[in-house]
1. Compute the relative contact order of the range B:270-407 as a whole-number percentage, counting only Cα pairs closer than 8 Å that sit 6 or more residues apart in sequence.
2. Report, largest value first, the span of the C-alpha coordinates of the range B:270-407 along each principal axis, in whole Å.
3. Out of B:195, B:53, B:238, any idea which swings most in a Gaussian network model of chain B, alpha carbons joined below 10 Å?
4. By counting other Cβ atoms within 10 Å of each Cβ, how are B:26, B:216, B:155 ranked from fewest to most?
5. Counting each DSSP H run of 4 or more residues in chain B as -39500 (n - 2.57), what helix-only mean residue ellipticity at 222 nm follows after dividing by all residues, to the nearest 500 deg cm²/dmol?
6. For the residues A:111, B:255, A:177, what sequence is obtained by ranking on other C-beta atoms within 10 Å, fewest first?
7. With a ≥ b ≥ c the root eigenvalues of the C-alpha gyration tensor of chain A, is it rounded (a/c under 1.5), prolate (a/b larger than b/c) or oblate?
8. How high is the relative contact order of the range B:65-203, in percent, with contacts defined as C-alpha pairs under 8 Å that are six or more residues apart?
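Bear in mind these aren't lab numbers, they're just calculated from the coordinates by the rules spelled out. Predicted model, so just to flag it, every value in this text is computed and none were measured. Here Cβ is always computed from backbone atoms with ideal geometry, including for glycine, and neighbour counts include all displayed protein chains.
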């Protein structure tokens, strides 16, 4: 795993090895925070920060961590970072923090974070590890934004809280699709994203 | 036979290397719709010597649906004219209803078949006849005032997510028509429930007859109307013959029975599912009556009169659940869908029985849903493979035991 092809490290999590659509990790929060775009983006940034810095820190310590207690060390690092993120959000974006409720705290248990630590940070130098963390957070974020865009547009008729569907359309009899606000629809949307991605990328198709 | 000659003439255009090879499945769909295919399964597959193929099965289902559809059209006109206070004869009512239902029917067929043809084309498969029944079922289970664009979106959602992602006709897990209805129900609840949607033109109507209510009998029961108060304006025979408001096809139990007889006689639908479904409803209805007696007997008739009124739904006679709402339609036409129902014979008894039990449980006990048949059938569709699995395992176990004993 001692690869230092930086463009691969950065590109893979965005497409061929996307944490949500290919590895199917972090689905729980993806369903919960994608009702609107704004919380989805904040969530995406938070996860990116946590994966990036936990990857960096664990990579710096990788030669000193005894492998028998590595999970505990990883958890301590991740938990401290998540608490930091949570405190920053509470201080500067209190309403959003309330909207995201427990899901910021649950980044600790997000499989993407632990997965990258185990699979990448423990065996790579700090710079690639940092890059890998950013890329995986971004890969997670892209899917969140796509799903939240569709859900907010069709479910509430708005984007970032601004009405984008004109009133004239509502007067003609259009109405918002309430099912988009329910988590099951987010699961179906992620399924559709996976479907489209697989039909486009030959490498992902199982024979 | 000029049509046959014409088809033979244009056929080479759609073969490999012809002018439009991409449209092969479209051509085949129309050819087999017009003529019985004359190709014989040659080298592989079981040789079933029976003329009942998918096309015949679907045709029988459609014929079985016709009485309920025609009656539903008349019913739409009847209640619209009752609301406005006009009198229109048999044909006046029927043609008004035809004008309301036909657009929904056309939209449902066009949007659904468009996707079916598209997918057949992309996957280079034959177009299946399965949607011909689904497309007819959808207009019959939605309120008559459903906006057409909603019907189109729901139909496409059902075909795409309910059927095509699983591999098309015969591979679906839940009934596509019911999925379309469930989508509408959760996406646009204001257009799918309440007491404004069941009568054509009632929402936003300028004048209605004094005291006219568009609520369905089940809607009234969910509002704690007692059974006696309900039967004072809709008699039991009204409910049986279908002179009650409701979704287009579901109102007349009589017409649905005619369809059921045809389906059972031709062997297209399983009588076991229908019978066990009816037994399930009666069982749950009686159980709820019993529970009602038990609860109310512990209350004081004078002091807790308001509380007792809240339990009035529990006292609806069990047989009434069979003729109210969508149960009859659901158990005859939707629950018996051979793709999504249980496959084993014992499994069919369990599956049907549980459809009946869950339908009445949701209908009576959950105030958020005045009707539970849709939920019950969808739930049991998802559960059917588990039922089959258990039945098959039990069978294997029994036969293993027998084999051991004889050793």
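1. 30 percent
2. 70, 34, 22
3. Judging by the Gaussian network model, the answer is B:53.
4. Least crowded to most crowded, the residues run B:26, B:216, B:155.
5. After summing the helix terms and dividing by residue count, I get -20000 deg cm²/dmol.
6. Least to most surrounded, the residues fall as A:111, A:177, B:255.
7. Verdict is oblate for chain A.
8. RCO, the range B:65-203: 25 percent.
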